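Heads up: the structure comes next, in structure tokens.
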Amino acid sequence: MNRLDRRVALVTGSSRGLGRAIAQRLARDGIAVAVNSRRGDSDTEEVVRRIRHAGGIAEACNADATDDAEVMQLVAAVADTLGPVDVLVINATGPQPEASLSDVTWDDHLAQLAFFVKSPVLLVHALVAGMQARGHGRIVHIDSEVADRPPPGRSAYATAKSAQIGLARSWARELAPFAITVNTVAPGFIPVERHATVADHTKQAYLASVPRGRTAPPRTSPTPSASSPPTKPTSSLANASWSMAAVASAPEPDTSRAPESTTDRPSTRR
């Protein structure tokens, strides 16, 4: 495919876990993918290698998605290597410590807001003018069911995620006239690398709250053959990456009226 004809996606925080699954899924659907993590994270190169081995197009673009200068450098690097970004998946996250309300400090709140409010704002400021000029764009926030069902000890995280949802709803209405859609996807608990130290009793307590009594396995769906249509995956992790692909390839929005819904919150709660 000619570089001018293909779509380009930037997936922040895509060196492992759900971000990696999203990047691989988008690449399988023919989108060139910028795989991102902090500087010094060599796992991005491994994700790129896997995507290329499967026939996709990808580049490693490491940068701190919460830093003003590095975000500008990141967007420039993606444009230089792959082309201007058409699809932005906001997935980067940092440590998510648990603490009781009496122990949570304002700095704890700022640390969460840096990933879930500051980073999206920096990225969209750097990308939205280009999307508007081209008359196309897809912005997808990965939020969390915790915004709706916050457990004890997660007030800083839940608050920042709620603020991120507010961004998505506001941006969806503002950007729809430019054929730019803004959505959120809210997966449930997906045990990936960051959850290796979660206690078994915590996992079991969560499972007890899930109607189907299970979490998603940390894997993507099987790769379909080039001649066969893709089949919808069954796991929540793969389902979330499926949602990314569906959003990225969705038809242009009807800009004659304001969007009625800006979140894809129930779809990944399996």
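So, in segment 5-30, of the ones that are more than 11 Å from the chain's Cα centre (by Cα) and more than 27 Å from Ala69 (Cβ to Cβ), which residue ends up modelled with the lowest pLDDT?
Asp5
Going by the conditions given, is Ser37 within 20 Å of Val140 (Cα to Cα), in contact with a strand residue (DSSP E or B) (Cβ under 6 Å, 6 or more places away or on another chain), among the hydroxyl-bearing types (Ser, Thr, Tyr) and surrounded by 24 or more Cβ atoms within 10 Å (Cβ to Cβ)?
no
Out of Thr93, Thr81, report the one residue that is touching a residue at least 12 places away in the same chain (Cβ under 8 Å), in contact with a Gly (Cβ under 7 Å, 6 or more places away or on another chain) and of a type in the set (Ser, Thr, Tyr).
Exactly one of Thr93, Thr81 is touching a residue at least 12 places away in the same chain (Cβ under 8 Å), in contact with a Gly (Cβ under 7 Å, 6 or more places away or on another chain) and of a type in the set (Ser, Thr, Tyr), namely Thr93.
This table checks each residue for (1) under 18 Å from Arg154 (Cα atoms); (2) within 16 Å of the chain's Cα centre (by Cα); (3) assigned to a helix (DSSP H, G or I).
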| position | (1), (2), (3) |
| --- | --- |
| Met72 | no, no, yes |
| Ala76 | no, no, yes |
| Val89 | no, yes, no |
| Pro95 | yes, no, no |
| Glu98 | yes, no, no |
| Asp107 | yes, no, yes |
| Leu110 | yes, no, yes |
| Lys118 | no, yes, yes |
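Tally up the residues in segment 60-70 that are within 17 Å of the chain's Cα centre (by Cα) and either of a type in the set (D, E, K, R) or closer than 30 Å to Thr159 by Cβ (or both), please.
Residues in segment 60-70 being within 17 Å of the chain's Cα centre (by Cα) and either of a type in the set (D, E, K, R) or closer than 30 Å to Thr159 by Cβ (or both): 6 in total.
Select from segment 151-168 the residues that are in a loop (DSSP other than H, G, I, E, B) and buried (at least 16 other Cβ atoms within 10 Å of the Cβ) and list them in ascending order.
Arg154
Given the criteria surrounded by fewer than 19 Cβ atoms within 10 Å (Cβ to Cβ) and either in contact with a Leu (Cβ under 6 Å, 6 or more places away or on another chain) or among the β-branched types (Val, Ile, Thr) (or both), does Val210 qualify?
Yes; evaluated as a whole, the condition is true for this residue.
Could you tell me whether segment 80-87 includes any residue that is touching a His at 6+ places or on another chain (Cβ under 9 Å) and either closer than 18 Å to Arg20 by Cα or of a type in the set (Asp, Glu) (or both)?
yes
Of the residues that make up segment 112-122, is at least one surrounded by fewer than 22 Cβ atoms within 10 Å (Cβ to Cβ), charged (D, E, K, R), over 20 Å from Thr184 (Cβ atoms) and modelled with pLDDT of 95 or more?
So far as segment 112-122 goes, no, none of its residues is surrounded by fewer than 22 Cβ atoms within 10 Å (Cβ to Cβ), charged (D, E, K, R), over 20 Å from Thr184 (Cβ atoms) and modelled with pLDDT of 95 or more.
Of all residues in segment 58-106 being of a type in the set (Asp, Glu) and out of contact with any strand residue (DSSP E or B) (no Cβ under 7 Å at 6 or more places or on another chain), which is surrounded by the most Cβ atoms within 10 Å (Cβ to Cβ)?
By that ranking, first place goes to Asp64.
What pairs come out if I take residues in segment 5-20 that are within 14 Å of Ala58 (Cβ to Cβ) and pair them with residues that are among the charged types (D, E, K, R) and surrounded by 24 or more Cβ atoms within 10 Å (Cβ to Cβ) whose C-beta lies under 7 Å away, six or more apart or interchain?
If the second residue must be among the charged types (D, E, K, R) and surrounded by 24 or more Cβ atoms within 10 Å (Cβ to Cβ), the pairs left are Ser14/Arg20.
Being touching a Ser or Thr at 6+ places or on another chain (Cβ under 9 Å) and more than 25 Å from Ile190 (Cα to Cα), is that true of even one residue in segment 3-11?
Checked segment 3-11: at least one residue is touching a Ser or Thr at 6+ places or on another chain (Cβ under 9 Å) and more than 25 Å from Ile190 (Cα to Cα).
Looking only at segment 136-150, decide whether some residue is buried (at least 17 other Cβ atoms within 10 Å of the Cβ), of a type in the set (A, V, I, L, M, F, W, C) and assigned to a loop (DSSP other than H, G, I, E, B).
no
State all residues of segment 6-30 that are crowded, with 24+ Cβ neighbours inside 10 Å, under 12 Å from Leu88 (Cα atoms) and not small (Gly, Ala, Ser); if no residue qualifies, say none.
Leu10, Val11, Thr12, Ile22, Leu26
Output the number of the condition that Trp171 fails; it satisfies all remaining conditions of (1) buried (at least 17 other Cβ atoms within 10 Å of the Cβ); (2) in a loop (DSSP other than H, G, I, E, B).
With (1) buried (at least 17 other Cβ atoms within 10 Å of the Cβ); (2) in a loop (DSSP other than H, G, I, E, B) applied to Trp171, the lone miss is (2).
How many residues does segment 49-59 hold that are assigned to a helix (DSSP H, G or I) and either within 16 Å of the chain's Cα centre (by Cα) or of a type in the set (Val, Ile, Thr) (or both)?
Count: 1.
The values are calculated or read from the model by the stated rules, or taken from the named source; none is laboratory data. Keep in mind that this is a model prediction, so the values were computed, not measured. Virtual Cβ from ideal backbone geometry, glycine too; neighbours counted across all protein chains shown.
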